[in-house]
Amino acid sequence: MRKLYKNIGQLVQTREGKNKLRGEEMNLLPYINNAFLIINNGKIENFGSMSQLIDEKSFDEIIDVKGKVIMPTWTDSHTHLVFAASRVNEFVDKINGLSYEEIAAKGGGILNSAKKMEEIEEGELLKNAKILLNEAIKYGTGAIEIKSGYGLSKNAELKMLRVIKQLKEYSPIPIKATFLGAHAVPAKFKQNKKAYIEILINEILPVIAEEKLADYIDVFCEKNYFTSDETDKILQEGAKYGLKPKIHANQFTSIGCIEKAIKNKAVSVDHLEVMKNTDFSALENSNTIATLLPGCSFFIDIPYAPARKMIEKDIAISLATDFNPGSTPTFNMNFIISLACIKQKLTPEQAINAATVNAAAALELSEETGSIAKGKKANIMIMKPYIKSYKEIPYYFGTNPVEQTIVSQ
Ligand code: NIG
Ligand code: FE
């Protein structure tokens, strides 16, 4: 199947883009005005300016997009998309003045999701997740990471991971699975966290390896959750099974998590709302990507990660939703780009680079997605006619600027 898209008003992010972008490179977003794009069996065959298009004959389909903007799909490299139910009651508690930490302390939060996860049937969980995944795709997500971490017991963690595995088979977009058993300490292990960590390591990890249920390992490294030493230990055990780290770090406090993540060769450290100088210096000379989640800051009203300072220090940053029922109930990457511009003062170029090229790198998918480049998967978005330039994506905040997401054609 060979398809020609012609009269593209702006074809955005046209670059090889196999590497992470840093510093000054983040300001450059290559594009071609009045362009064409050829897709052959789901892969990008060629693209260029309309004036260079010589032959319009040998195509199975020719689509005249009449001046619309086309760009590569977003990569959402941090989500908790599989969950049993919303936590809308906590939303109301929050409106009435309780903080995220206070809600967690009174039995809400992650433990509340875990209770619901224990009860739900696998089939129901899968059905819910399919609905959400399809919605995310409609908003332009073309590759996604999904974590476990609402199970917090052997059975329930494996149930979540098996659902993610089934989603991988069902999904038209690439999915990476992350084991987040160390998301919170279950109530019955409150006095004996060590025993829970032993279960993660000795009982759950071997099954994950056996059934190939995860690509990455994550820990919520945070005060009242897991210390940096516990994180270090869990990451080392994960590495024995080939699971690379992508961890939750520095959301509320800075307790040495970033250093441990880098020591364990983390692909990314995610959140980073609270950063000490030592955290910056650890990240500065590393290959680890800083994944920022401004939707979480927006929803639970906490500081935004210092994105500009990271770019100034040549740290590779990416953007993701953190979609989950507690701290970030949105899968809308377009809104995340708006928040990054409005609240973190990134330029549209920096934000879009962070959510495409660098986000693909955060899932080790740079070879197949993240930019318009010959040979890459043709996972693309056609924007709605009111979007005349990529700069208008963050500008029209809260809307869905995506008319059509085209994946795996
Ligand atoms: O990334 N911070 C830890 N985990 C999630 C929130 C989980 C929840 O509240 O359900 C996050 O924000
Ligand atoms: Fe998260």
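The values are calculated or read from the model by the stated rules, or taken from the named source; none is laboratory data. Being a predicted model, the structure only gives us computed values, none of them experimental. All Cβ positions, glycine included, derive from the backbone under ideal geometry; neighbour counts span all protein chains shown. What goes into the accessible areas is simple: the full protein's heavy atoms, side chains included, and nothing from ligands, DNA or RNA. Shrake-Rupley method; radii C 1.70, N 1.55, O 1.52, S 1.80 Å.
Listed values, structure above:
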{"item": "Pick from region 323-341, criterion within 15 Å of ligand 2 (Cβ to nearest atom) and of a type in the set (Gly, Ala, Ser), ranking: surrounded by the fewest Cβ atoms within 10 Å (Cβ to Cβ)", "result": "327"}
{"item": "Complete set of residues in region 273-292 that are away from ligand 2 (no atom under 16 Å from the Cβ), of a type in the set (Ser, Thr, Tyr) and crowded, with 19+ Cβ neighbours inside 10 Å", "result": "286, 288"}
{"item": "Any chance residue 46 is out of contact with any helix residue (DSSP H, G or I) (no Cβ under 9 Å at 6 or more places or on another chain), open to solvent by less than 60 Å² (accessible area, probe 1.4 Å) and of a type outside the set (Val, Ile, Thr)", "result": "yes"}
{"item": "Considering residues of region 143-153 that are under 16 Å from residue 355 (Cβ atoms) and out of contact with any Gly (no Cβ under 9 Å at 6 or more places or on another chain) only, the residue nearest to ligand 2 (Cβ to nearest atom)", "result": "145"}
{"item": "Any hit, region 311-322, residues being of a type in the set (D, E, K, R), surrounded by 19 or more Cβ atoms within 10 Å (Cβ to Cβ) and in the same structural domain as residue 87 (by TED's automatic domain parsing)", "result": "yes"}
{"item": "Every residue from region 293-310 that is open to solvent by 10 Å² or more (accessible area, probe 1.4 Å) and either of a type in the set (D, E, K, R) or within 10 Å of ligand 1 (Cβ to nearest atom) (or both)", "result": "299, 300, 301, 302, 308, 309"}
{"item": "Test: residue in region 109-129 that is modelled with pLDDT under 95 and either under 27 Å from residue 358 (Cβ atoms) or small (Gly, Ala, Ser) (or both)", "result": "yes"}
{"item": "Of residues in region 105-154 being in a helix (DSSP H, G or I), within 16 Å of ligand 1 (Cβ to nearest atom) and free of Cβ contacts under 8 Å to residues at least 12 places away in the same chain, the one farthest from the chain's Cα centre (by Cα)", "result": "105"}
{"item": "Selected residue (criterion: nearest to ligand 2 (Cβ to nearest atom)) from residues of region 252-272 that are open to solvent by less than 10 Å² (accessible area, probe 1.4 Å) and part of a loop (DSSP other than H, G, I, E, B)", "result": "272"}
{"item": "Condition met for residue 368 (on the phi > 0 side of the Ramachandran plot and either open to solvent by 10 Å² or more (accessible area, probe 1.4 Å) or of a type in the set (Val, Ile, Thr) (or both))", "result": "no"}
{"item": "Some residue of region 74-86 being among the acidic types (Asp, Glu) and without any contact (Cβ under 8 Å) to a residue 12 or more places away in the chain", "result": "no"}
{"item": "The listed residue being within 13 Å of ligand 1 (Cβ to nearest atom), farther than 30 Å from residue 8 by Cβ and within 20 Å of the chain's Cα centre (by Cα), out of 99, 86, 77", "result": "86"}
{"item": "Only listed residue being away from ligand 2 (no atom under 16 Å from the Cβ), touching a strand residue (DSSP E or B) at 6+ places or on another chain (Cβ under 6 Å) and of a type in the set (Lys, Arg), chosen from 313, 374", "result": "374"}
{"item": "Filter result for residue 47 (within 30 Å of residue 164 (Cα to Cα) and either away from ligand 1 (no atom under 16 Å from the Cβ) or among the hydrophobic types (A, V, I, L, M, F, W, C) (or both))", "result": "no"}
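This table checks each residue for (1) buried (at least 22 other Cβ atoms within 10 Å of the Cβ); (2) under 17 Å from residue 331 (Cβ atoms); (3) hydrophobic (A, V, I, L, M, F, W, C).
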{"residue": "121", "(1), (2), (3)": "no, no, no"}
{"residue": "130", "(1), (2), (3)": "no, yes, no"}
{"residue": "141", "(1), (2), (3)": "yes, yes, no"}
{"residue": "150", "(1), (2), (3)": "yes, yes, no"}
{"residue": "175", "(1), (2), (3)": "no, yes, yes"}
{"residue": "198", "(1), (2), (3)": "no, no, no"}
{"residue": "201", "(1), (2), (3)": "no, no, yes"}
{"residue": "207", "(1), (2), (3)": "no, no, yes"}
